[in-house]
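Structure first, then comments.
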Amino acid sequence: MKNSGAMDMTHGPLLGKILLFSLPLMASNLLQLLFNTADIIVVGRWAGHASLAAVGSTACIINLVINLLVGISVGVNVVVARYLGETGRDGEISKALHTALLVGIVGGTLLGLGGILASNWMLDLIAAPADVRPLALVYIRIYFIGTPFMMVYNYGAAALRAEGDTRRPLAFLSVSGVLNVALNLFFVIVLRMGVAGVALATVISQGVSAGLILACLSLSKGELHFSFRRLKLDAWSLKAMARVGIPAGIQSCLFSLSNVALQGAINSYDSIVVAGYSAGASIENFLYISMNAFHHACQTFTSQNLGARQHQRIFQTVRLCLLCTLVLGILQSAVVSAFARPLVSIYNSDPAVIQAGAERVWTVVPFYVIFGIGDVLVGAIRGCGSPVAPVAVNLLACCVLRLLWVHFLDTSVVGAAWVYASYPVSWTVLLLALSAFWLCRRCKIRAEMDEA
């Protein structure tokens, strides 16, 4: 029996279903991003630019550490969607769900402990400025307490998305997102806890979202029913999810690794530039998260239709997701570029910080649609059963290229805009490589159709 929010992705008109899937997911992703953004805004407005730099500068190193385990959620989504597209796989779906959640609980706990113990080393890695380091250390240690909650929510939400349910995760994040903002304001303004307060608010809010997703799955009457008594590792499910999820996590880690290198380059400037960089990066994340919803739609729809052997719908899905991303990317880039200064001023009122943040926005945002289109192609390639190829492409196009770019930059001579320019250059190379691979994969699918 299907859950009430389930969607039939293998029959009927595609565009309406893609939008019905993507728009709630987009809203959910935006709310999830507000966890960190609310931290940045509150400390930037009420705790000074040093606190803003402390919270913003830790984002890249936190992402580097957690992305490998979070990447397993991609495996959960692809594997469960594939099983849903086939018939008679209810038992495999249940095993995959419980395996994923157990990995989230245990792996998230171990990761949190490791992150706390290695926090000093991680700040050394990004060369955190002396006036920022004590605050960054407090933030990062508290933040890692919440990693089990983060993993459980992401794995559970990935399973719900696999059957087309993006509305309930949106409702859960609406609750936790509002709670996060309220706690931020209370801890920082009333209790004057600074970065410790915003980190604690994030952990509490993540705990609420994890509890809600588990309650939802426990009440489910379909294939995605969750029970603590069924929590155990299933070797076959773990292998299937790891085959997709680990490459996805590695790919995310590669992006984070390159961003760590860029953060290190930015940290060679003063704290004003670091604060502006943090504010600009937070704004750009909203653009990425919005377009990323179509990446997930493409990945999930292609996975289900591959399982159902509806190959023609795979090609239609990719075309529609690319079109939606192109339109959205152009519109939001134009708006954000036009209002760069007012947007950065939300994070900090210092004119120097506003100028530094606006310079990053003007250098990077006009080209963000290139990354969005490439992200959709990554979803198509993964959904069609090629999880390793995007990793290899990203390794060369983004990680290696950006590391070389930063290596040959002399930040004592050139301005921060030269560091920012590595983004659009690497995205262009990435899109060209992914396009070539997708054309080859599409030809292979067509050949399989002809043989059938």
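Quick notes on this one:
- Applying the condition of being more than 30 Å from TRP362 (Cβ to Cβ) and touching a residue at least 12 places away in the same chain (Cβ under 8 Å) to the stretch 314-332 and asking which residue is most open to solvent (accessible area, probe 1.4 Å) yields GLN316.
- Conditions (1) open to solvent by 20 Å² or more (accessible area, probe 1.4 Å); (2) part of a helix (DSSP H, G or I): number failed by ARG309: (2)
- Checked against the criteria, SER205 counts as touching a residue at least 12 places away in the same chain (Cβ under 8 Å), open to solvent by less than 10 Å² (accessible area, probe 1.4 Å) and either in a helix (DSSP H, G or I) or not hydrophobic (A, V, I, L, M, F, W, C) (or both).
Listed here are the residues, each with its yes/no results for (1) among the polar types (S, T, N, Q); (2) in a helix (DSSP H, G or I); (3) over 25 Å from SER28 (Cβ atoms).
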{"site": "LEU113", "(1), (2), (3)": "no, yes, yes"}
{"site": "ILE116", "(1), (2), (3)": "no, yes, yes"}
{"site": "ALA127", "(1), (2), (3)": "no, no, yes"}
{"site": "GLY146", "(1), (2), (3)": "no, yes, no"}
{"site": "LEU160", "(1), (2), (3)": "no, yes, no"}
{"site": "GLY164", "(1), (2), (3)": "no, no, no"}
{"site": "LEU173", "(1), (2), (3)": "no, yes, no"}
{"site": "LEU179", "(1), (2), (3)": "no, yes, no"}
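- Put simply, of VAL65, VAL42 the only residue that is touching a Leu at 6+ places or on another chain (Cβ under 8 Å), at pLDDT 70 or above and either part of a helix (DSSP H, G or I) or over 15 Å from ASN154 (Cα atoms) (or both) is VAL42.
- The stretch 258-289, subset hydroxyl-bearing (Ser, Thr, Tyr) and open to solvent by less than 10 Å² (accessible area, probe 1.4 Å), residue farthest from LEU123 (Cα to Cα): SER282
- Selection over the stretch 100-132 of residues that are over 27 Å from ALA210 (Cα atoms) and in contact (Cβ under 8 Å) with a residue 12 or more places away in the chain gives a count of 9.
- Here LEU214 passes the criteria (1) surrounded by fewer than 19 Cβ atoms within 10 Å (Cβ to Cβ); (2) without any contact (Cβ under 8 Å) to a residue 24 or more places away in the chain; (3) at negative phi except the one numbered (2).
- Applying a threshold of 9 Å to beta carbon distances and a minimum spacing of six or more residues, or different chains, the list of pairs starting in the stretch 403-416 at a residue that is hydroxyl-bearing (Ser, Thr, Tyr) and ending at one that is assigned to a loop (DSSP other than H, G, I, E, B) reads THR411/SER268; THR411/TYR269; SER412/SER268.
- The residues of the stretch 141-156 that are among the β-branched types (Val, Ile, Thr) and open to solvent by 30 Å² or more (accessible area, probe 1.4 Å), listed by number, are ILE142, ILE145.
- The stretch 240-266 residues that are part of a helix (DSSP H, G or I), paired with ones that are of a type in the set (Ser, Thr, Tyr) and open to solvent by 30 Å² or more (accessible area, probe 1.4 Å) (beta carbon under 8 Å, 6 or more apart): ALA265/THR411
- Selection count, the stretch 233-257, where residues are open to solvent by 40 Å² or more (accessible area, probe 1.4 Å) and among the charged types (D, E, K, R): 2
- Scanning the stretch 117-153 for residues that are among the polar types (S, T, N, Q) and either at pLDDT below 90 or more than 24 Å from the chain's Cα centre (by Cα) (or both) turns up SER119, ASN120.
- Residue count for the stretch 128-143, restricted to those that are under 11 Å from ILE61 (Cβ atoms) and of a type in the set (Gly, Ala, Ser): 2
- Filtering ARG230, ARG192 for residues that are within 25 Å of LEU52 (Cβ to Cβ), open to solvent by 10 Å² or more (accessible area, probe 1.4 Å) and more than 20 Å from the chain's Cα centre (by Cα) leaves a single hit, ARG192.
The values are calculated or read from the model by the stated rules, or taken from the named source; none is laboratory data. Only a predicted model underlies this, so the values are computations on that prediction, with no experimental measurement involved. We place every Cβ from the backbone using ideal geometry, glycine too, and count neighbours over all the protein chains shown. In case anyone asks, the SASA skips ligands and DNA or RNA and just uses the protein heavy atoms, side chains included. Shrake-Rupley method; radii C 1.70, N 1.55, O 1.52, S 1.80 Å.
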